[in-house]
Amino acid sequence: MIVRVTMLFIGFGLAVIGGVSIVAYLNLLTVGYTLLDYLQFLIGRIEFYVFLLGLFIIWGIIYFPFRKK
């Protein structure tokens with residue numbers, strides 16, 4: 001149980017770090033980037049993948065029960 005809670009916090013932290021960066025990069029749209037340019041920019045940034053990794057960890061911990069047998 002303690003491992004699941006720890007992994008949940010790690011996933012949450014990664015998702016927050018990546019999500020804050022993605023929101024900060026939304027300022028590029030006001031400079032003149034199109035939505036397609038913005039998405040291409042995000043794909044090249046490590047923060048996008050950190051965000052996705054955090055979401056997958058959270059999703060995995062919540063929806064897949066790991067029970068001892």
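The values are calculated or read from the model by the stated rules, or taken from the named source; none is laboratory data. Since we're looking at a predicted model, the values are computed, not measured. Neighbour counts run over all protein chains shown; Cβ positions are idealised from the backbone, glycine included.
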From the option list L39, L14, L52, L28, single residue qualifying as surrounded by fewer than 16 Cβ atoms within 10 Å (Cβ to Cβ) and under 10 Å from the mean Cα position of the chain (by Cα) is L52
Is it the case that some residue within region 32-41 is among the charged types (D, E, K, R) and closer than 15 Å to L14 by Cβ?
-> no
Return yes when Y33 is modelled with pLDDT of 95 or more and surrounded by 13 or more Cβ atoms within 10 Å (Cβ to Cβ) and no when it is not.
-> no
(1) in contact with a helix residue (DSSP H, G or I) (Cβ under 8 Å, 6 or more places away or on another chain); (2) in a loop (DSSP other than H, G, I, E, B); (3) not polar (S, T, N, Q): which one isn't true of P65, the others all being true?
-> (1)
Search region 1-16 for residues that are within 15 Å of L53 (Cα to Cα) and pair each with any residue that is assigned to a helix (DSSP H, G or I) and not β-branched (V, I, T) when their beta-carbon atoms are under 6 Å apart and the residues are at least 6 apart or on different chains.
-> G11/G54; L14/L53; L14/G54; A15/F51; A15/G54; A15/L55
